[in-house]
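The values are calculated or read from the model by the stated rules, or taken from the named source; none is laboratory data. On a predicted model such as this, the values are computed, not experimentally measured, just so you know. Cβ atoms come from the backbone with ideal geometry, glycine included; neighbour counts cover every protein chain shown.
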């Protein structure tokens, strides 16, 4: 796929976790929502292959939303829209796919640690509490989880039934893409 992504200062660049999510989300059909869109990489990848559907990306960072909008214009993608939203606070409608790659690394790329993970934990808890309100009848949700987070059991317990679609191991963490309804 010929997708050009510019990364604005202060916006998380597409990395291993982004590529893991994109491999599975790029082919999802129907209305699509990405929480924590960052540069828009995953949402825009889906928009290219899913031109007839509504694609939405939201992020708590206004800078990230500006970056995603810029990348949509750069690639001539008109079926993706981006908004500032704290998880689902600015989202309306139902989607066949809802995905989230929550923040878990500090600005320097290191593990966020226990204190700064409080924001991450709250966002994941909100996602897991509210995602069903935004899924269509045939919809599925997807979440990237990192062994660096420290609350994997808590999150997997909140999800209930799930499938681990793919795992990637690195010297500093294990990433998992979890799919569920």
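Values computed for the structure shown
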item: Residue in region 44-52 that is without any contact (Cβ under 8 Å) to a residue 24 or more places away in the chain, more than 9 Å from the chain's Cα centre (by Cα), more than 16 Å from residue 3 (Cβ to Cβ) and surrounded by fewer than 17 Cβ atoms within 10 Å (Cβ to Cβ) present; result: no
item: Within region 1-89, strands (runs of 3 or more DSSP E) holding 1 or more residues that are more than 30 Å from residue 169 (Cβ to Cβ); result: 55-59, 80-84
item: Residue list for region 162-181, restricted to those being assigned to a loop (DSSP other than H, G, I, E, B) and under 19 Å from residue 28 (Cβ atoms); result: 162, 181
item: Test: residue in region 14-31 that is within 14 Å of residue 72 (Cα to Cα) and at pLDDT 95 or above; result: no
item: Residue 14 vs. criteria closer than 19 Å to residue 177 by Cβ, touching a residue at least 24 places away in the same chain (Cβ under 8 Å) and surrounded by fewer than 21 Cβ atoms within 10 Å (Cβ to Cβ); result: yes
item: Condition check for residue 19: under 19 Å from residue 179 (Cα atoms), surrounded by fewer than 19 Cβ atoms within 10 Å (Cβ to Cβ) and out of contact with any strand residue (DSSP E or B) (no Cβ under 8 Å at 6 or more places or on another chain); result: yes
item: Residue within region 56-70 that is modelled with pLDDT of 95 or more, in contact with a helix residue (DSSP H, G or I) (Cβ under 9 Å, 6 or more places away or on another chain) and on the phi > 0 side of the Ramachandran plot present; result: no
